[in-house]
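Presented below is the structure to which this report refers.
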Number of protein chains: 2
Amino acid sequence: MPMKPIALDAMGGDHAPRATVAGALLAAKEGIPVLLVGPILRLQEELRAQGGDLPIQDAREFITMQDHATDVRKKRGASINVCMELLKGGDASAVVAMGHTGATLASALFNLGRIAGVDRPTLLIEMPSERGRVYLTDGGANVDCKPEWLVQFAVMATAYAEAQGVQAPTVGLLSIGEEEGKGNALTLEAFPRLKATPGLRFHGNVEGRDIFKGTTDIVVTDGYTGNVVLKLSEGEARTLMKWIREALTQDLLSKLGGLLVRRALQGLRAKMDPAEYGAMPLLGVEGPVFIGHGSADSRAVLNALRKGQGAVEAGLMGRVRAGIAALAVDK
Amino acid sequence: MPMKPIALDAMGGDHAPRATVAGALLAAKEGIPVLLVGPILRLQEELRAQGGDLPIQDAREFITMQDHATDVRKKRGASINVCMELLKGGDASAVVAMGHTGATLASALFNLGRIAGVDRPTLLIEMPSERGRVYLTDGGANVDCKPEWLVQFAVMATAYAEAQGVQAPTVGLLSIGEEEGKGNALTLEAFPRLKATPGLRFHGNVEGRDIFKGTTDIVVTDGYTGNVVLKLSEGEARTLMKWIREALTQDLLSKLGGLLVRRALQGLRAKMDPAEYGAMPLLGVEGPVFIGHGSADSRAVLNALRKGQGAVEAGLMGRVRAGIAALAVDK
């Protein structure tokens, strides 16, 4: 049976619907089935302008970046809500939305609900590391966390990493020292729980320096710290690349050298580019939901749709449910 | 009246006493008065080997990296304790110690005590930013914080920044969004208190990306997050520099270009090198105490001693006491 289409909120992100439609057309060329969700006339016009054709599900309203997350309850007909309804009704296999994390999270909770046994859904962030990729949970969905939530995040992140093809993913608890006794009130309570969870490859504490080093495949922390880590790492990469550009134009010799190394450094820039990762999964809700950067261009939209398809094909939901169910049995 | 010498724990850090003695000799050449504190015979031998001469205060014991912070109470004669006693007795103007942050903090609290009105001392971290420098407090001395401590940290960091010559330093509260309503339980409580503190130039919330951008001169957060920020930023810089080296040797063209840009990139590496910052002040104890990286080389020790001298000359203690006293009056 062919895969149901991925419902793409065509009105999400700073460059919608241009970037979303362009990304969807690229994805369709690769054989990824996409259903555009948004105001039909506007999307038809955009498709005509880009010379492409895709199925559209009409949605009159949409959430803007100025709207609050809670506005998804008022704007029932908003494109993000229609996406979730399609997923819930079995007419879509996944939802992909660019930008407005809060509204997408609220819409997913409202329309899909949580997986039984999950206290809080988590945003999983993918970051570059010396060993390839590192998954950070929670990426900002839950600022203040309880220790048992961190255990659930770790279990769901493990299921996701496995679905992504990571062999026997390891989990580190972000703290301020490697020893078990180092940490804050939350991590000190979470440590023994993580250690006692069967099926979890718990490495112990990791520090800030271990994230880029890739000491573990997964790093678990509260959403406040996760958000700070995400934005600091993006900001630092941007500043360093800026300083490199400045260094490579500071005199004639550097300029000449800079021309010669330009291509080599472009590879590095791509590695640090959030668009490469496409979107982060929202784990713990009843359906595969992916949230991309609000500043997404067509390539980021394409990568987000690829990620959605890959997760569906790898049986993400079954894996997450099984992980959480096993947790309940052990209690 | 000439400045009393800076007491340097000559046994602190991974490369002691070689690096500490070498750094002290460099400082002495610049006219910074240094008193070496440690086992006299061993330090005399090291001075002979390096062909230099400096005053020594004998201390039979010392704290190793294997010791616990609390061991400063058992090893009363440890060099770090002797340093603090010299400072307390007025025979030293400041203490500089490389490495073992916990033991130095414990020794300072035990021997010097806190400034009246200070609940918890804080470690202030100096980091590079697009606007020059950014000061981060708390750097890891207090993992779980109360809102009023963050206010004290901000006040002491302001005093320190002013002593360092920063004009009208601004303060940002590290959070997950710019709006006042964004944050975790701690920052939501700290925000109105920071806003209501006279003499504090409170900018509001800043995000992880604002640290390297240099949006504010000072960023205040709890010690858990501060430690994660410090170690993540150092780790990311190391990984990026490694990737740049790899990119610049990947083919013949890049290698040639790499040779031409080598000098330009060295300046960047220096900017990211923790040794450049020398040491971080421990603010809130009764005397100027600076703690450097455990991996300190002679240059880092020199920079730490420079920092100590600069702070003493700028009247750091008076500024910090005045800031904290003003806080008490407003209550």
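The values are calculated or read from the model by the stated rules, or taken from the named source; none is laboratory data. Keep in mind that this is a model prediction, so the values were computed, not measured. No Cβ is skipped: glycine too gets one built from the backbone with ideal geometry, and neighbour counts run over all protein chains shown. Only protein heavy atoms, including side chains, enter the accessible area calculation; ligands, DNA and RNA are left aside. Shrake-Rupley method; radii C 1.70, N 1.55, O 1.52, S 1.80 Å.
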Check your understanding: Which length gain, in nm to one decimal place, applies between A:E276 and A:Q50 when the Cα-Cα distance is subtracted from 0.36 nm times their residue separation?
Key -> 79.1 nm
Practice item. Would you mind classifying region B:117-221 by shape? Square roots of the alpha carbon gyration tensor eigenvalues, ordered a ≥ b ≥ c; an a/c under 1.5 is rounded, otherwise it is prolate if a/b is larger than b/c and oblate if not. Key: rounded
Practice item. State, as an integer percentage, the relative contact order of region B:122-275 based on alpha-carbon contacts under 8 Å between residues 6 or more apart. Key: 29 percent
**Study point:** 1.4 Å probe accessible area per residue over the protein assembly as shown, in Å²
**Key:** 40 Å²
Exercise for review: Starting at the first residue of region B:210-215, write each ³J(HN,Hα) from the Karplus equation 6.51 cos²θ - 1.76 cosθ + 1.60 with θ = phi - 60°, in whole Hz, x for Gly and Pro.
Suggested key: 6, 5, 6, 5, x, 4
Revision key, fill the gap. Given the candidates A:A168, A:L150, A:G183, the one whose Cα lies deepest towards the positive end of the charge dipole of region A:128-215, counting +1 at each Lys or Arg C-beta and -1 at each Asp or Glu C-beta, is A:A168
Exercise for review: Specify the inter-centroid distance of region B:190-216 and region A:52-75, based on alpha-carbon positions, in whole Å.
Suggested key: 34 Å
Exercise for review: Please report how far the C-alpha centroid of region B:276-303 lies from that of region B:81-102, rounded to the nearest whole angstrom.
Suggested key: 11 Å
Check your understanding: Given label points at 7 Å from Cα along Cα→Cβ, what nm distances, shortest first, separate B:P2 from the same residue in every other copy?
Key -> 8.9
Point to revise | Dipole-positive endmost among A:V285, A:V329, A:S298 within region A:267-331 (Cβ charges, Cα centre) | key: A:V329
Practice item. May I ask for the accessible area buried between chains B and A, both sides summed, probe 1.4 Å, to the nearest 100 Å²? Key: 4600 Å²
Exercise for review: Lys and Arg at +1, Asp and Glu at -1: add these up for the other residues within a Cβ distance under 14 Å of B:D91 and post the number.
Suggested key: 0
**Study point:** Solvent accessible area, Å² - A:E85, 1.4 Å probe, full protein context
**Key:** 100 Å²
Revision key, fill the gap. Applying the gyration tensor rule to the Cα atoms of region A:45-135 (axes a ≥ b ≥ c; rounded if a/c under 1.5, else prolate if a/b exceeds b/c, else oblate), the class is oblate
Revision key, fill the gap. Bridge orientation stat for chain B from DSSP, antiparallel percent rounded to 5, came to 30 percent
Exercise for review: Can you tell me the dipole magnitude for region A:120-275 around its Cα centre, using point charges on the Cβ only (Lys, Arg +1; Asp, Glu -1), in Debye to the nearest 20?
Suggested key: 640 debye
Check your understanding: What is the dipole size for chain B, taken about its Cα centre, with +1 at each Lys and Arg Cβ and -1 at each Asp and Glu Cβ, in debye to the nearest 20?
Key -> 440 debye
Revision key, fill the gap. Relative contact order in percent for chain A (Cα pairs under 8 Å, 6+ apart) equals 23 percent
Revision key, fill the gap. Note on region A:206-224: residues buried by at least 30 Å² of accessible area once partner chains are added (vs chain on its own, 1.4 Å probe) come out as A:G208, A:R209, A:F212, A:Y224
Exercise for review: Mind ranking B:M317, A:M127 by accessible surface for me, highest first, 1.4 Å probe?
Suggested key: B:M317, A:M127
Exercise for review: Express the carbon and sulfur contribution to the solvent-accessible surface of chain A as a percent, rounded to the nearest whole number, probe 1.4 angstrom.
Suggested key: 51 percent
Point to revise | Members of region B:145-191 that become less accessible by 40 Å² or more once partner protein chains are added (1.4 angstrom probe, chain alone as reference) | key: B:I176, B:N184
**Study point:** Lys, Arg +1 and Asp, Glu -1 on Cβ, resulting dipole of region B:246-331 about Cα centre, debye, nearest 20
**Key:** 180 debye
Practice item. For B:M156, B:M3, give the ranking by accessible area with the largest first, probe 1.4 Å. Key: B:M3, B:M156
Check your understanding: Which far-off residues, 5 or more places away or on another chain, put their amide H under 5 Å from the one on B:F202, with H placed in the peptide plane?
Key -> B:V171
Exercise for review: Kyte-Doolittle cut-off 1.6, length cut-off 18 Å along the helix's own axis using Cα: show which whole DSSP H helices in chain B pass.
Suggested key: none
Point to revise | Inter-copy spacing of A:G31 label points, which lie 7 Å from Cα along Cα→Cβ, given in nm from shortest upward | key: 7.7
Review point. Quick one: label points 7 angstrom along Cα→Cβ at B:Q250, distances to the other copies in nm, smallest first?
Key: 2.4
Review point. Considering only DSSP beta bridges whose two residues both sit in the protein assembly as shown, what percent are antiparallel, to the nearest 5?
Key: 30 percent
Study note, to complete from the structure: Violations at 18 Å Cα threshold for listed pairs A:K182/A:K231; A:K4/A:K75; A:K195/B:K231; B:K4/B:K29; A:K182/B:K242 -> A:K182/A:K231; A:K4/A:K75; A:K195/B:K231; A:K182/B:K242
Review point. To the nearest 10 square angstrom, what accessible area does A:R76 show with a 1.4 Å probe?
Key: 140 Å²
Study note, to complete from the structure: Quick shape check on chain B: root eigenvalues a ≥ b ≥ c of the Cα gyration tensor, a/c under 1.5 is rounded, otherwise prolate if a/b tops b/c, else oblate, and it reads oblate
Practice item. Keeping all protein chains in position, work out how much accessible area A:E45 exposes to a 1.4 Å probe, and write it in Å² to the nearest 10. Key: 110 Å²
**Study point:** Listed residues B:L36, B:N111, B:V21: farthest to the positive end of the dipole of region B:1-144 (Cβ charges)
**Key:** B:N111
Revision key, fill the gap. Once amide hydrogens are built 1.01 Å from N within the peptide plane, the residues lying 5 or more places from B:S129 or on another chain with amide H under 5 Å from its amide H are B:V134
Study note, to complete from the structure: Put A:S295, B:S107 in order of accessible area, largest first, probe 1.4 Å, and you get A:S295, B:S107
